[in-house]
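Have a look at the structure below, then the notes.
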Amino acid sequence: MMKRMAGRTAERTAEQTAGKIAVRMAGEIKICGINFFLVSAAFTAALILFAAIAGELLDFYPVSFEVLFPFYAAIAAGEWGKTRADSNFDIIAAQSKSLFQWVLLRFATVFGIVSLFAVFGMAASSAMRYELPLAELLVMYFPPAFFLSSLCALSGILCRQEHAAAAVCGLVWLITLLTRSLLRHPGFAFIYLFIRFAGDPNQIWLWNKGIVTAAGLFLWVLLYRKCRRF
Amino acid sequence: MRKIFAIVHYEYKMQFMCLAAWGILLAATVLSQLDNFPSAGNLARLEFLKEPAYYVYRIMSLDSLILLFGLLFLLAGRLPLDAKTGMKPLLLSSALRKGQYVWGKLLGGFLYVFSMLCIFLLLNTGIYFIAAPFAISLSACVVPLVKAVFVSVIPVSLFVSFCSIALPGMMDIRLFYLLAAVFFGFNASYVGSADAMPFYLLTSGDLVRLIWVHPRWPFVSMGSVAANGLFLVGSGLASAGLLFLKHRFWRAE
Amino acid sequence: MNIEIRHLTKKYRNGVTALDDISFRVGNGVFGLLGHNGAGKTTLMKALVTVLTPSAGTVRLCGFDTVKQGDEVRARVGYLPQELAMYPSLSVFDFVNYMAQLKGVRDKRAVQEVLEEVEMLEFSKRRIGQLSGGMKRRVGIAQALLGNPPILVVDEPTAGLDPEERVRLRGLLSRYAGEGRTVLLSTHIVEDVYQLCEELAVLRKGRLFYAGTSAALLEQVKGRVKILRLEQESQLIELQRKAVVLATTYESRGLTARIMDESDLYPQAEPAEATLEDAYVYCMGGKAHA
């Protein structure tokens, strides 16, 4: 009897917490504004159109969902999910119970929505040109998207200047594209961000994705430590 | 004209004092040196690294992309910044015309990108000249540098500065970043070939082949060179033209 | 008259009417424009300095129409917008010099003169990003004074400043207007208008509620302002239903309410000297329950 009651209380508490998070996420979505959805929808639509017309000339899925969409997720995290560049940052930092929770919630909202658009784009593209299973596409997309967006979130909390976080991520993204030739060095393939795009010469892409995800999580450890110092 | 000069002068000054841009220049230089420093390893890896013209061609066509992408991010905020800081209504209330304002901003940005790109090329070529373990004459470095400035740096600077200043004045800056990323990403991942390069490439189009040509494929298609040049200059000017056509950008005159 | 506004209306594309049939005239001296946030003060100012085009009506500055003769108007107006962050990376001198060049002021000494006028000459090498709010406002005024314009339009210049800075700015504006020029001062701080302006206009929800001398506005409430002592808060709620409450002060033994007793409903209340703030709050329909 006691166990059942305790279980119900725990369930109710979990429901309340989930409700609170949903309300706060709805607030974050409102702050993002309509342009976030318009730009995301336009980008997804452009990629779907591209899937239809690109033909066999292009390695469509790695280009779209390993290189381009993850970078868009990073831009969104840095621009619509901005933290320190937000004009209300000082108020929030001074009064919120946990700065980290606020950063995490904002990031999760923006990253989650962009990822929904990405998944929709993958599904729609697959309907037109089936080359890879959806699960493989998801594994291809999430690690670099998570890493780049996390890097953007970290830069966003370190720098107050607007657009700086997106610029940092942009440079890292472009440098990664330009350093594809470094894959000739043994071991570089394990940490290269766009391994499927680069052709995955050593067939280690699953290892690579795991390491990239771990690197993204490490960035969140740094972010947590930074948030505690405010 | 005086007012255009004033805007150009202060735009240039403000940009030149921006520390982030120098950081990007430094990062681009470090990466460029990692790739092209005349070390034994790099000399063994890159067949033509002993030729100064090839060195200039290589840093212009590949490594300058990083610098240009960083500068693009910094310049993209110039017009939205004026609206955000309250400068726009102040300028609108003064006897300043739309043409003076827009041309001032564009030319200021152009001179800035041009200067940074020239500094980047000079710095890298200087390092190469000093560090090369073989004899190079000064003229062997200066000639390709001058060629690079005229055939590539000017059109590339015009394209980057005009597009990055004018387009965010008309569209969401995030959308602009995305479009720029697609364009730069394509440029970065495009593999060169012996045939004519696509005309829509930024730094690795056929214009850059006027600095150095591969001895095994010495033929340069002048039509492709012209198309590349026209694309860069034309797109830059078209972006500026779109801003001029946008009526709501300035008060009714 | 230096400024002449006739039937000015501004409707935005979304259907909001920011200004509705505004007409008044402004002569030499400091003229106050009062109204709470969103009353249409900034829109009116932007229409005056040619930044906004009116939907209907005309505005003439020094006899020139703001729509048809924009260049003549712009040559005669100095403007300080409500929010002006300027360029943080430029020095004070560079920024004012930049504005001087854009305004076509060719006299090299003009920059130094205006900086001296606003007491910023000693900080002229300091970067704008390193200035305090009051100093930034003074730099904003300095750029507006360039070329000695006969009309100065300043939007909320004292908002957020400490008392010392406010007194300094008031002195500056009144000195400038004293030399036969017009200063149009938009504010929601009644004290500024009381200290500076002989004439004022009150805007309410985009409409002109009052235009005339501050003395005439004060006259409307003279002898009708009273102080009433109350024991409980419930009495205040009751009072607000019957009279215009101008202000309330909470004390250890109850509270006092400053009221407008138009029909002498509260003979027990003590008469008090009317202020411009009372007249303004009365215009705005009284103070909401604190």
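The values are calculated or read from the model by the stated rules, or taken from the named source; none is laboratory data. The shown structure was predicted, so the numbers you read here are calculated from the model rather than taken from an experiment. Methodologically, a virtual Cβ is constructed for each residue, glycine included, from the backbone with ideal geometry; neighbour enumeration extends over all protein chains shown. Surface areas here come from the heavy atoms of the whole protein model, side chains and all, with no ligands, DNA or RNA. Shrake-Rupley method; radii C 1.70, N 1.55, O 1.52, S 1.80 Å.
Inverting the mean 1/r over all pairs of different Cα atoms, compute the Kirkwood radius of region C:3-218 and quote it in Å.
17.6
Relative to the longest principal axis of chain C, what angle (0 to 90°, nearest 10) does the C-alpha long axis of helix C:163-177 take?
60
Mind listing which GluC sites (Glu not before Pro) in region C:216-290 are in a DSSP loop and have 15 or fewer other Cβ atoms within 10 Å? Could the numbers behind the result be given before it?
Numbers: sites: C:Glu219, C:Glu231, C:Glu233, C:Glu238, C:Glu251, C:Glu262, C:Glu273, C:Glu277; in loops: C:Glu231, C:Glu262, C:Glu273.
Answer in residue order: C:Glu231, C:Glu262, C:Glu273.
Whole Å is fine, so just give me how far the alpha carbon centre of region B:111-173 lies from that of region A:192-230.
Here the two parts' Cα centres lie 34 Å apart.
Just to confirm a number: summing +1 for Lys and Arg and -1 for Asp and Glu over residues other than B:Trp212 whose beta-carbon lies under 10 angstrom from that of B:Trp212, what do you get?
Combined, the nearby Lys, Arg, Asp and Glu give +2.
Roughly speaking, what is the centre-to-centre gap between region A:77-146 and region C:46-91 when only Cα atoms are used, to the nearest Å?
44
Work out which trypsin sites (Lys or Arg not before Pro) in chain B are exposed loop sites (DSSP not H, G, I, E or B, at most 16 other Cβ within 10 Å) and give the longest gap free of them.
For trypsin sites (Lys or Arg not before Pro) (loop position, at most 16 other Cβ atoms within 10 Å), the longest site-free span of chain B is B:98-215.
State the Cα centre-to-centre distance between region C:145-207 and region B:197-253 in whole Å.
Here the two parts' Cα centres lie 52 Å apart.
Keeping all protein chains in place and using 1.4 angstrom, which order do B:Val233, A:Val212 fall into by accessible surface area, from largest down? Please report the intermediate quantities before stating the final value.
Details: B:Val233 55, A:Val212 5 Å².
Descending order: B:Val233, A:Val212.
Exactly which GluC sites (Glu not before Pro) in region C:1-106 are in a DSSP loop and have at most 13 other Cβ atoms within 10 Å?
Working: sites: C:Glu4, C:Glu72, C:Glu83; in loops: C:Glu83.
Listed in order of number, the matching sites are C:Glu83.
Hydropathy at least 0.0 by Kyte-Doolittle, axial extent at least 18 angstrom from the Cα trace: which helices of chain B, defined as entire DSSP H runs, fit?
Helices passing the filter in chain B: B:19-36, B:98-131, B:173-189, B:222-245.
Count neighbours as other Cβ atoms within 10 Å of each site's Cβ, and list the trypsin sites (Lys or Arg not before Pro) in region C:200-251 that are DSSP loop with at most 16 such neighbours. Don't jump to the answer; show the numbers that get you there.
Numbers: sites: C:Arg204, C:Lys205, C:Arg207, C:Lys222, C:Arg224, C:Lys226, C:Arg229, C:Arg241, C:Lys242; in loops: C:Lys205, C:Lys222, C:Arg224.
Taking region C:200-251 and a limit of 16 other Cβ atoms within 10 Å, the loop trypsin sites (Lys or Arg not before Pro) found are C:Lys205, C:Lys222.
Report ³J(HN,Hα) in whole Hz for each residue of region C:233-240, in order, from the Karplus equation J = 6.51 cos²θ - 1.76 cosθ + 1.60 where θ = phi - 60°; Gly and Pro get x.
Karplus values, whole Hz, x for Gly and Pro: 5, 4, 5, 5, 4, 4, 4, 5.
Taking a probe of 1.4 angstrom, what is the accessible area of C:Glu113 in Å², to the nearest 10?
Only protein atoms counted, so the area is about 100 Å².
State the number of lysine pairs found in region C:1-138 whose Cα atoms come within less than 22 Å, restricting to pairs 8 or more positions apart or on distinct chains.
16
Within a Cβ distance under 13 Å of B:Pro52, other residues only, what is the Lys/Arg minus Asp/Glu net charge?
Combined, the nearby Lys, Arg, Asp and Glu give +2.
Which whole-number percentage describes the relative contact order of chain A, with Cα contacts under 8 Å and a sequence gap of 6 or more?
Relative contact order here is 26 percent.
Per 5 Å bin, what is the whole-percent P(r) computed from every C-alpha pair distance within chain B?
Spelled out per bin, shortest first, that is 1, 6, 13, 17, 18, 15, 11, 8, 5, 3, 2, 1, 0.
Over region B:1-77, what is the mean sequence separation of C-alpha contacts under 8 Å (at least six apart), divided by residue count, expressed as relative contact order in percent?
Relative contact order, region B:1-77: 34 percent.
For the protein assembly as shown, give the share of DSSP beta bridges that are antiparallel, in percent and rounded to the nearest 5; count only bridges with both residues there.
Expressed as a percentage, antiparallel bridges in the protein assembly as shown total about 65.
Taking a probe of 1.4 Å, how large is the accessible area per residue of chain C, in Å²?
47
Within 10 Å of each Cβ of B:182-191, how many other protein chain Cβ atoms are there on average? List each step's numbers first, then the result.
Details: counts 7, 0, 5, 11, 4, 3, 9, 9, 0, 1.
So the per-residue partner count for this stretch is 5.
Between 0 and 90 degrees, rounded to the nearest ten: what's the tilt of helix A:2-32 against the longest Cα principal axis of chain A?
Between the helix axis and the principal axis of chain A, the angle is about 60 degrees.
Using only the alpha-carbon atoms of the protein assembly as shown, report the extent along each of the three principal axes, biggest first, to the nearest angstrom.
If we take the Cα atoms of the protein assembly as shown, the spans are 104, 90, 45 Å.
Within straight cross-link reach of A:Lys30, meaning Cα distance under 25 Å, which lysines are found once same-chain residues fewer than 8 apart are removed?
A:Lys20, A:Lys82, A:Lys97, B:Lys84
Could you work out, residue by residue across C:78-86, how many beta carbons of other chains sit within 10 Å of that residue's beta carbon, and then give the average as an integer?
Per residue, the number of nearby Cβ atoms from other chains is 4 on average.
If one takes the longest principal axis of the Cα atoms in chain A, at what angle in degrees, from 0 to 90 and to the nearest 10, does the Cα axis of helix A:205-229 lie?
The angle comes out at about 30 degrees.
For C:Cys62, what is the net charge nearby, where nearby means another residue's Cβ is under 13 Å from its Cβ and Lys, Arg count +1, Asp, Glu -1?
Local charge sum for C:Cys62: +1.
With springs only between Cα atoms under 10 Å, which of B:Met116, B:Met60, B:Met87 fluctuates most in a Gaussian network model of chain B?
Checking each option, the largest mean-square fluctuation is seen for B:Met87.
Defining a contact as two alpha carbons under 8 Å apart and six or more residues distant in sequence, what relative contact order in percent does chain C show?
Over chain C, the number comes to 20 percent.
Heavy atoms only, probe 1.4 Å: what % of the accessible area of region A:38-229 goes to carbon and sulfur, would you let me know?
Values: 5520 of 8260 Å².
Ligands and nucleic acids excluded, carbon and sulfur give 67 percent.
Take chain C, connect every pair of alpha-carbon atoms lying under 10 Å apart with a spring to form a Gaussian network, then pick out the residue of C:Gly40, C:Gly70, C:Gly104 with the largest mean-square fluctuation.
C:Gly104
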